[in-house]
1. Using Cβ contacts closer than 10 Å as the measure, can you line up Glu77, Glu425 from fewest to most?
2. Could you sort the peptides 331-339, 289-297 by per-residue average Cβ neighbour count (10 Å cutoff), highest mean leading?
3. I need the shape label for the chain. Rule: rounded when a/c is under 1.5, else prolate if a/b > b/c, else oblate, with a, b, c from the alpha carbon gyration tensor.
4. Which value in deg cm²/dmol, rounded to the nearest 500, describes the helix-derived mean residue ellipticity at 222 nm for the chain, given -39,500 (n - 2.57) per DSSP H run of n ≥ 4 and division by the residue count?
5. Based on alpha-carbon centroids, what's the gap between the range 306-369 and the range 75-98 in Å, whole number please?
6. Classify the range 285-345: rounded, prolate or oblate, from the alpha-carbon gyration tensor (a ≥ b ≥ c, eigenvalue square roots; a/c under 1.5 rounded; otherwise prolate if a/b is larger than b/c)?
7. Taking amide H positions as placed in the peptide plane 1.01 Å from N, state which residues far from Glu226 in sequence (5 or more) or on other chains have amide H under 5 Å from it.
8. Return the sequence-ordered ³J(HN,Hα) values of the range 147-154 in whole Hz as given by the Karplus equation 6.51 cos²θ - 1.76 cosθ + 1.60 applied to θ = phi - 60°, using x for Gly and Pro.
Amino acid sequence: MFNNKINRKDMINCTLCNDAPCSSVCSKTDPAGLLRSIWFDNEACAAVKLPAEDPCRDCDAPCEKACVKAGKVPVKELVSRLHSEVKPEVSEIEPDNNRLNTDLCGIHLENPFLLSSSVVSSTYDMCARAFEAGWAGAVFKTVCSFDIHEASPRFGSVPGSAGGFIGFKNIEQLSDRTVEENMDTVRKLKEKYPEKAVIVSYMGQNESEWEELSRVCQEAGADAVELNFSCPNMADGGLGSDIGQVPRFVEELTAAAKRGCTIPVLAKLTPNVASMTEAAEAAKRGGADGIAAINTIKSIMGVSPDTFVSAPDVNGMSAVGGYSGNAVKPIALRFMAEMGHDSQLSGMHLSGMGGIETWKDALDFILLGAGSVQVTTSVMKYGYRIIDDLLSGLDRFLAMKGFANVADVCGLGLSHVSDTTDVLERDSRVFPMFDRSRCIGCGRCVISCRDGGHQALSMNEERHIIMDGKKCVGCHLCALVCPEGAISTSGKRVKM
């Protein structure tokens with residue numbers, strides 16, 4: 001079962017606590033882990049953990065009393081629904097340690113999940129804790145020889161409807177540690193975790209430095225290097241995304257990096273372009289073994305009506321920064337598909353990133369050609385622990401669909417997506433279906449259809465939705481705005 005029955009973050013109302021009190025008072029199950037799995041689109045894996053009998057049936061819910069939002073999180077109801085609605089539809093899967101195994105340019109990965117180059121992979125302790133949690137590797141925060149001084153504050157966000165944020169802006173720069181300090185960390189990580197992939201992101205100031213830093217990274221034991229041609233916060237004087245926007249520079253500096261090392265080289269490309277394939281092809285000509293994409297998108301947050309300053313407000317000023325988070329995933333997937341379709345890039349490893357929070361998000365990238373995926377923003381929101389549901393959710397999907405490993409599904413979605421709408425069939429419609437048992441009669445669908453659609457919906461005196469099939473064009477706006485998930489597609493095409 002891969003369709004959520006109860007995953008509504010506003011309904012869960014959980015804060016995803018650290019050392020959650022709800023689990024500390026429950027002797028039958030792990031409420032915090034179950035709620036977290038629901039939150040991250042992993043209901044099936046949560047359900048199979050439950051015992052045969054509903055653990056909440058005769059319980060007076062001490063978990064709800066212990067909750068930091070006492071009485072506001074319906075833990076008992078959610079777990080009982082997992083047991084009654086989800087568990088009967090799911091089955092156990094045969095464990096297979098090899099199912100999630102994959103590789104990155106010949107580097108063995110125990111699973112496709114890596115930390116991307118950022119603050120979440122900037123120290124030995126952080127990477128070590130991530131490795132212990134189950135991440136297959138990390139792309140170490142961008143190493144450089146620059147003098148780095150960070151601003152404060154340096155983050156901004158676009159709030160989400162259930163708390164937290166869906167879009168995230170940073171004006172963070174590169175590692176503020178010396179090259180020597182960072183290489184010492186790389187050595188220690190490889191000594192302690194030889195089975196984990198340690199990839200070093202770096203940025204040079206000139207061609208000779210790009211070559212020298214790749215040599216230094218290899219000598220320190222890095223499994224691969226990632227060339228940062230895409231940081232929007234280091235774009236002055238021909239750095240960062242300024243390089244990634246000029247294919248000639250990408251090719252020349254990739255070639256310089258290849259001269260300095262024999263380990264795999266990935267070029268991390270900027271999304272601040274109309275098309276990514278030109279730079280990707282240039283990286284391949286320069287000798288790159290793979291492409292990493294996307295880095296953050298140049299952005300400005302909203303402007304305060306009181307101070308007239310955009311976030312983050314650094315002593316009365318702000319600046320263009322990098323935008324990430326779940327809101328950028330559609331843009332990232334567009335670039336992933338573009339490169340996946342490019343025959344000139346055939347055989348290159350694609351490492352995808354941009355808005356990955358759940359195993360389904362990761363699967364989207366893999367289906368469009370990514371052989372590995374990288375994560376930062378959701379780790380910043382929820383911590384390294386999200387790896388639990390990333391692993392179990394993807395593993396269950398592969399098992400239930402009969403795939404032996406990640407490579408079996410890589411690129412399977414490419415043939416079903418086009419860069420033009422000219423290929424789409426336009427002689428039939430798919431009408432929506434209305435589930436009256438779930439409909440609460442709010443009429444949101446009526447409003448949207450009336451003012452943003454084709455006036456095909458109305459509401460009778462009993463507040464039941466009535467659809468006029470002669471007016472409905474099958475756009476499915478109604479399904480997208482329904483707050484209760486009571487509208488779905490019929491799946492049946494009707495010739496017009």
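Computed from the coordinates by the stated procedures, all read-outs in this text should not be read as laboratory data. Note that the structure is a prediction, hence the values are computed from the model and not measured. Note: ideal-geometry Cβ built from the backbone for every residue, glycine included; neighbour counts use all protein chains shown.
1. In increasing order of surrounding Cβ atoms, one gets Glu425, Glu77.
2. Listed from highest to lowest mean packing, they are 289-297, 331-339.
3. It is prolate, given that a/c is not under 1.5 and a/b is the larger ratio.
4. On the way: 18 runs with 156 residues, N = 496.
Mean residue ellipticity, 222 nm, calculated: -8500 deg cm²/dmol.
5. 32
6. It is prolate, given that a/c is not under 1.5 and a/b is the larger ratio.
7. Val200, Ser201, Tyr202, Leu266
8. Couplings: 8, 9, 10, 7, 8, 9, x, 9 Hz.
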